[in-house]
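Trainee: A single structure is presented below for examination.
Each value in this text was obtained by applying a stated rule to the coordinates, not by laboratory testing. Predicted model only: the values in this text are computed from it and were never measured. So basically every Cβ, Gly included, is an ideal-geometry build from the backbone, and we count neighbours across all protein chains shown.
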Amino acid sequence: MFATATLRSQTLNGILLVALFAIAAHAISQTSIITSLGLSPLIVGILLGAIYGNTLHQHIPTEWHAGIHFSARKILRLAIILYGFSITLQEVASIGWQGILLAATVVLTILSVGYVIGTKVLKMEPETALLTSAGSGICGAAAVLAMEPVTKAQGHQTAVAVATVVVFGTLAMFLYPVLDSLHLFQLGTEAKGLYFGSTIHEVAQVVGASSILPSHAQDYAVIEKMTRVLMIVPAILVVGWLMSRRQSAGQTEKSSLVASIPWFAVGFLAVTAFNSLNLLPHDIVDSIHEIDTFLLTMAMVALGMETQVSKMKQVGSSAFILAGILFLILMIGGYFLVKLMIV
């Protein structure tokens, strides 16, 4: 009992540490110089977290890391669910079939191309190639963790795939706003949101990158991203079937598939449906949105804290090469795909 209480206390300390960084990120983001650069609290948060993760992380108890991990996973999912208060089903319908087809095309292309390049060209283990491709093409670390049971991957393979998501997803989050400021994305406002949502890795990274866009374009980006998230369900079923055939290990257990469903995406859609009924006063909805922004900042801080150069040196280069290739395919190929399908 005492050990459990101590563990909970240490986890809470880690969460409080992340919260303090999030408060600092909010304060810094409101300074004149940061405001002029157009950097949101989310971007400031992941930057502060990354600085900590590569300098001071050894100066706190390792038990606190559980709280940091909790913030990067559980709080992120809660924040995405609450983000549904920023969107209505009427706006979802405005994306149309093109947005759904765009998401499906991106997911199918990245999984297929990533598997072929990874196994045939880079000679990677199929499990690592699939996990890396899922992280790039579907929904980042959540997709990697969801795919792990059906691929029967080992721990180090999962860790490498998650590391590639952090590196290239963070790169995309910073690079896209810079390229947009240089007017290199010749897309309409809504199409630009769909482009961000269909090609950036993590949900939180999409929110961070799209924070430079008008509010309705941000909604397009998140809705498009959540459409990709929901496509993890058919992806899991197909990959599980293919892997079971290759490994001759029988069928994937039904419970594993159910456990892999991203329920935070279902929660996001449920909150969106509730918000579409306009039952809550606008002041309350605005307050929830402010709380949600803070929770998203906490998640970004925690993601930054987990981005450590020392860990990157311990993993193989093949996964990063594959993730880099997929990053270019997403950024360049995705751009022309959006121009073809949306513009």
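Trainee: Which of PHE21, ILE68, TYR220 sits closest to the plus end of the dipole of the chain, meaning its Cα is farthest towards the positive end, when Lys and Arg get +1 and Asp and Glu get -1 on the C-beta?
Mentor: Checked the options; the winner is ILE68.
Trainee: Which whole-Hz ³J(HN,Hα) couplings does segment 67-79 yield from phi under the Karplus relation 6.51 cos²θ - 1.76 cosθ + 1.60, θ = phi - 60°, glycine and proline marked x?
Mentor: For segment 67-79, the Karplus curve yields x, 5, 5, 4, 5, 6, 10, 5, 5, 4, 5, 4, 5 Hz.
Trainee: Right, another one. Where the only charges are on Cβ atoms (+1 Lys, Arg; -1 Asp, Glu), what is the dipole of the chain about its Cα centre, to the nearest 20 debye? All intermediate terms of the calculation are to be shown ahead of the outcome.
Mentor: Working: 16 positive and 16 negative charges, 203 e Å.
The calculated dipole for the chain is roughly 980 debye.
Trainee: At 0.36 nm per residue, minus the direct Cα-Cα distance, what do VAL121 and VAL238 gain on full extension? Give it in nm, one decimal, please. Provide the component values of the computation, followed by the final result.
Mentor: Values: separation 117, 0.36 × 117 = 42.12 nm, distance 2.26 nm.
Fully extending the segment from VAL121 to VAL238 adds 39.9 nm.
Trainee: Per the Kirkwood treatment, what hydrodynamic radius in Å, one decimal, follows for the chain from the mean inverse distance over all distinct Cα pairs?
Mentor: Working: mean 1/r = 0.0491 Å⁻¹.
That comes to 20.4 Å for the chain.
Trainee: Continuing with this model, one more query. Dividing the convex hull volume of the alpha carbon atoms of segment 17-70 by its residue count, what do you get in Å³ per residue? Please report the intermediate quantities before stating the final value.
Mentor: Details: hull volume 4.0 nm³, N = 54.
Once divided by residue count, the hull of segment 17-70 is 73 Å³.
Trainee: Further, regarding this structure: With N residues in segment 166-225, what two-decimal value do you get for its Cα radius of gyration over 2.2 N^0.38 Å?
Mentor: Details: Rg = 10.0 Å, N = 60, 2.2 N^0.38 = 10.4 Å.
The reported ratio for this selection is 0.96.
Trainee: Gaussian network model of the chain, Cα springs within a sub-10 Å range: biggest mean-square fluctuation belongs to which of GLY137, GLY49, GLY267?
Mentor: Comparing GLY137, GLY49, GLY267 in the GNM, the peak value goes to GLY267.
Trainee: Starting from 0.36 nm per residue, how many nanometres of slack lie between HIS216 and SER317 once their C-alpha separation is accounted for? Could you put the intermediate results ahead of the total?
Mentor: Details: separation 101, 0.36 × 101 = 36.36 nm, distance 3.88 nm.
Going from the current span to full extension adds 32.5 nm.
Trainee: Follow-up question, since we're still on this one. Just check segment 108-155 against the gyration tensor rule for me: Cα atoms, a ≥ b ≥ c as the square roots of the eigenvalues, rounded for a/c under 1.5, and otherwise prolate or oblate depending on whether a/b exceeds b/c.
Mentor: Oblate, since a/c reaches 1.5 and b/c is not below a/b.
Trainee: Taking only complete DSSP H runs, can you tell me which helices of the chain stretch 24 Å or more along their own long axis by Cα positions and average at least 0.5 on the Kyte-Doolittle scale? Before the final figure, lay out each step's value.
Mentor: Values: long enough: 2-29 (40 Å, 1.29); 89-116 (39 Å, 1.50); 155-181 (40 Å, 1.28); 282-305 (34 Å, 0.93).
Correct list, ordered by number: 2-29, 89-116, 155-181, 282-305.
Trainee: Can I ask one more? If I model a spin label as a point 7 Å beyond the Cα along the Cα-Cβ vector, how far apart are those points for VAL285 and LYS152 in nm?
Mentor: Between VAL285 and LYS152, the label points sit 4.9 nm apart.
Trainee: Taking square-rooted eigenvalues a ≥ b ≥ c of the alpha carbon gyration tensor, is segment 88-205 rounded, prolate or oblate, where a/c under 1.5 means rounded and, failing that, a/b exceeding b/c means prolate? The partial results should precede the final answer.
Mentor: Details: a/c = 2.07, a/b = 1.68, b/c = 1.23.
Since a/c reaches 1.5 and a/b is larger than b/c, the shape of segment 88-205 is classed as prolate.
Trainee: So, one more: Gain in length, THR189 to LEU56, computed as 0.36 nm per residue apart minus the alpha-carbon separation, to one decimal in nm? Kindly include the intermediate steps, with their values, before the conclusion.
Mentor: Values: separation 133, 0.36 × 133 = 47.88 nm, distance 4.03 nm.
Full-extension gain reported as 43.8 nm.
Trainee: Work out the charge dipole of the chain with +1 on the Cβ of Lys and Arg and -1 on the Cβ of Asp and Glu about the Cα centre, then indicate which of VAL233, PHE320, ALA172 is farthest towards its positive end.
Mentor: PHE320
Trainee: Can you give the helix-only mean residue ellipticity at 222 nm for the chain, where every DSSP H stretch with n ≥ 4 adds -39500 (n - 2.57) and the sum goes over all residues, rounded to the nearest 500 deg cm²/dmol? All intermediate terms of the calculation are to be shown ahead of the outcome.
Mentor: Details: 19 runs with 253 residues, N = 343.
One gets -23500 deg cm²/dmol as the mean residue ellipticity at 222 nm.
Trainee: Any idea what Rg and Dmax come out to for segment 4-151 if you just take the C-alpha atoms, in Å?
Mentor: Calculated on Cα positions, Rg and Dmax stand at 19.5, 51 Å.
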